[in-house]
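As structure tokens, the structure follows; a few thoughts come after it.
Please treat every number below as a calculation from the coordinates, not as lab data. What you see is a predicted model, and the numbers here were worked out from it, not measured in a lab. Please note: Cβ atoms are built from the backbone with ideal geometry, for glycine as well, and neighbour counts cover all protein chains shown.
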Protein chains: 2
Amino acid sequence: MEKTEVEEQTKDEGQVVTPWQVAAKDSGKIDYDKLIDQFGCQRLDQFLIDRVHRLTSRPPHVFLRRGVFFAHRDFNDILDAYERGEKFYLYTGRGPSSESLHLGHLIPFMFTKYLQDAFKVPLVIQLTDDEKCMWKNLSVEECERLARENAKDIIACGFDITRTFIFSDFDYVGGAFYKNMVRVAKCVTYNKAVGIFGFTGEDHIGKVSFPPVQAVPSFPSSFPHLFSGKDNLRCLIPCAIDQDPYFRMTRDVAPRIGYNKPALIESSFFPALQGETGKMSASDPNSAIYVTDSVTDITNKINRYAFSGGQDSKAKQILYGANLEVDIPIKYLNFFLEDDEELEHIKKEYGSGRMLTGQVKERLIKVLTELVERHRRARAAVTDEMVDAFMAVRPLPNMFN
Amino acid sequence: MEKTEVEEQTKDEGQVVTPWQVAAKDSGKIDYDKLIDQFGCQRLDQFLIDRVHRLTSRPPHVFLRRGVFFAHRDFNDILDAYERGEKFYLYTGRGPSSESLHLGHLIPFMFTKYLQDAFKVPLVIQLTDDEKCMWKNLSVEECERLARENAKDIIACGFDITRTFIFSDFDYVGGAFYKNMVRVAKCVTYNKAVGIFGFTGEDHIGKVSFPPVQAVPSFPSSFPHLFSGKDNLRCLIPCAIDQDPYFRMTRDVAPRIGYNKPALIESSFFPALQGETGKMSASDPNSAIYVTDSVTDITNKINRYAFSGGQDSKAKQILYGANLEVDIPIKYLNFFLEDDEELEHIKKEYGSGRMLTGQVKERLIKVLTELVERHRRARAAVTDEMVDAFMAVRPLPNMFN
């Protein structure tokens, strides 16, 4: 299976999931089971979750318990090695295309922070300002500015500065990192890149050049100031599953250039307010809750746009109950309401008609308001000096303890 | 014409000239007149040569007088600006694929040194170790080593360290240089790159990514340590005409990203010992004189392999004289025998049969032995510290005086 991993289809039976497009079949829901088959990754099962619990001596994150991170590649190998006393490092990233993040953007960072704290491992965070400059009609300068703004939101998630290196490609590409880009690029034919990413002849060559840029943070030698002499350190990448094509390519190339394959732990998409047919889009402000939204914004958006599985009238709701399968407030609570008992209670009451849509939305508004308020306070405390400090090319003093 | 410059054909009527292949039609001679039409560049005429003489108050270089540098793009604009008191900078380079250079490799550097001395302008020299790593089956480390070895040969040509910055891509790509690579890459579709460079789907994406790397030294903002605040400084590129495709692309892109088009001054190829059907190849040691060849090597190669236009026997030679059009010793003397009068004398005597092949070859062996001996002495004096000094990222103290 390993040999043909990269050959797996990105598009299958009408379901399209690439780093640039997420579209369910017939505008229905993304079929995540099918995606696991389609991409050739593995399901993150209860056995692995229990193992994380045991190895870290702390309760698994809500995103693990509730199946938000639902797929992986070689996560078991990472845990095997960890159990033997071998550490790893984390790599995640963001394409800084918008001023402010929405809740969907926070998910990989919230989860990565949990992994960093639980396993006590170093973390590199790539801001692909070059990617956004090439895919969007944005100038180099604007993308650099957005990268720094987004870095503030990322830092606000609570990363440990003694274990975390944040870099932007425009800042950091060069030297050992660039050499690895060249090593990777040598191993990927244009035809193969077309097969993985769906490029056309009218796409510019910047797009064709980009996949190695996102690939090489998977290799410790790309960061000589961090991992000098640690070429065999394994890498674990928490990300949304739309990034899988990059890492299928990376895993295909890695052994050919003498490197370890990175392991992955992959999340489903955070659904849009309007329903679970794709992922939240930063370009439609009414499809998403932003970390900059006010209480009023959040209240209005949830009340007005959050797709409800409840019945049209109170009488009907009491009679038939809500369809939880399509209900966005329940889905959002599934991500962000940490109390398992309360969530179960709400689902039971709402599903059976003893709770009304308005009540569930009210609870969600409170949860999101608290989350956003907490983020806003944390972000306000992030100074430019802190951004400089996280982005400084430096050894990390507290990498593995 | 400017708009469609980039669309000019690289391959035409059986004559193929790209950065990776030089092949004349039906294995005959390269037709340089046709190449000028084919590429859409201009002939370097006597008027321009006289202008160089006047502006620099020194005799034009033998490579100008004898038509070795025979084509250009916008060289007249560079001279116009120079006449108004505006300086420019020079950019040339080398792909370091072999340990030692042959005579053909020296030509652009000898000519560039003349231009630097005559116009008193700064110079950047790019060593495309990344290119050679991607095109040849060479490791990153081997290409870096070759780049430094080749830098010694280049320094031995006598460049002024106060005006010259030598860099290798593996060392220098990043920052402002990388930002310009992204700006260029955004403007070139894959289809266009295929039209210019002839890539196929089975070529790896490293090749597709490379043209912007060779393009951006044409823009002063790629060198903030040299040209900060001098974004309008014009660039003049002395190179062999097989590099024209890179700079057709660069000139097409430049105005779209707010930069000046680089000007070019382009040479014909130094012919192989076996005759003028292509350019010297570093991979066939008997096709070329190397700067590391001993007197014995040179003597043997010239006597054994240098294609002669002389007659088979002394008697016939006296009767018919030599065919100078195909005679390699005469062609080599045309490049390297500086004395115009002596060259004319030899051509007259040899062409009319009063001089024999052996005598001409003897004169050539002396000229080349002196050249190679001079180069060897100069190279032996180049220390690793000097290489470091030329390659240090630093301001140039003596750029424009």
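Details
- Equivalent ellipsoid of the protein assembly as shown: semi-axes from √(5λ) of the C-alpha gyration tensor, largest first, are 64, 25, 24 Å.
- Per-pair calculated FRET efficiency, R0 = 30 Å: B:ASP384 and B:HIS345 via Cβ, rounded to 0.05: 0.10
- Relative to the current alpha-carbon distance between A:ASP33 and A:SER139, full extension at 0.36 nm per residue lengthens the span by 34.3 nm.
- C-alpha center-to-center spacing [the stretch A:218-235, the stretch B:338-361] in angstrom: 64
- Distance between modelled label sites at A:GLU325 and A:ASP312, nm, 7 Å Cα→Cβ extension: 2.1
- Using C-alpha pairs under 8 Å with a sequence gap of at least 6, the mean separation divided by the residue count of the stretch B:322-401 gives a relative contact order of 27 percent.
- Rounded to 10°, Cα long-axis angle of helix A:295-305 versus longest principal axis of chain A: 70
- Net +/- balance of residues flanking B:THR189 in space, Cβ distance below 9 Å, scoring K and R +1, D and E -1: -1
- The stretch B:15-273 shape via C-alpha gyration tensor axes, a/c threshold 1.5: rounded
- Residue pairs, from the table A:LYS136/A:LYS186; B:LYS29/B:LYS113; A:LYS132/A:LYS207; B:LYS34/B:LYS113; A:LYS25/A:LYS347; B:LYS25/B:LYS348, whose Cα atoms sit over 18 Å apart: A:LYS136/A:LYS186; B:LYS29/B:LYS113; B:LYS34/B:LYS113; A:LYS25/A:LYS347; B:LYS25/B:LYS348
- Acute angle (nearest 10 degrees) that the helix A:103-119 long axis makes with the longest principal axis of chain A, alpha-carbon atoms: 60
- Chain B: most fluctuating residue of B:ALA315, B:ALA176, B:ALA71 per GNM, C-alpha cutoff 10 Å: B:ALA315
- Whole-Å distance, taken between Cα centres, linking the stretch B:364-387 and the stretch A:143-213: 44
- In terms of its C-alpha gyration tensor, the stretch B:43-102 has a prolate overall shape, because the principal axis ratio a/c (a ≥ b ≥ c, square roots of the eigenvalues) is not below 1.5 and a/b outweighs b/c.
- Here the contact order of the stretch B:63-192, divided by its residue count and restricted to Cα pairs under 8 Å and six or more residues apart, works out to 26 percent.
- Here the relative contact order of the stretch B:15-273, from alpha carbon pairs under 8 Å that lie six or more residues apart, stands at 24 percent.
- When chain A is treated as a Gaussian network with alpha carbon springs shorter than 10 Å, the biggest mean-square fluctuation among A:GLU338, A:GLU149, A:GLU385 belongs to A:GLU385.
- Global form of the stretch B:295-381, assessed from the alpha-carbon gyration tensor, a/c cut-off 1.5: prolate
- Between A:ARG65, A:ARG148, A:ARG251, the Gaussian network model of chain A with springs among Cα atoms under 10 angstrom shows the greatest mean-square fluctuation at A:ARG65.
- Principal-axis tilt of helix A:340-352 within chain A, Cα atoms, nearest 10 degrees: 50
- Neighbour cut-off at most 15 other Cβ (10 Å), DSSP loop, trypsin sites (Lys or Arg not before Pro), the stretch A:334-392: A:ARG354
- Local electrostatic count at A:LEU123 - Lys and Arg +1, Asp and Glu -1, tallied over other residues with Cβ under 9 Å: +1
- Contour minus Cα-Cα distance for A:GLN359 and A:ARG376 (0.36 nm per residue): 3.6 nm
- Taking the Cα centre of the stretch A:249-401 as origin and assigning +1 to Lys and Arg Cβ atoms and -1 to Asp and Glu Cβ atoms, the resulting dipole is close to 200 debye.
- Take the Cβ atoms of B:ILE49 and B:PHE400, set R0 to 25 Å, and the FRET efficiency comes out at 0.55.
- Think of it this way: in chain B, B:CYS41, B:CYS157, B:CYS187, B:CYS235, B:CYS239 stand alone, with no other Cys Cβ under 4.7 Å.
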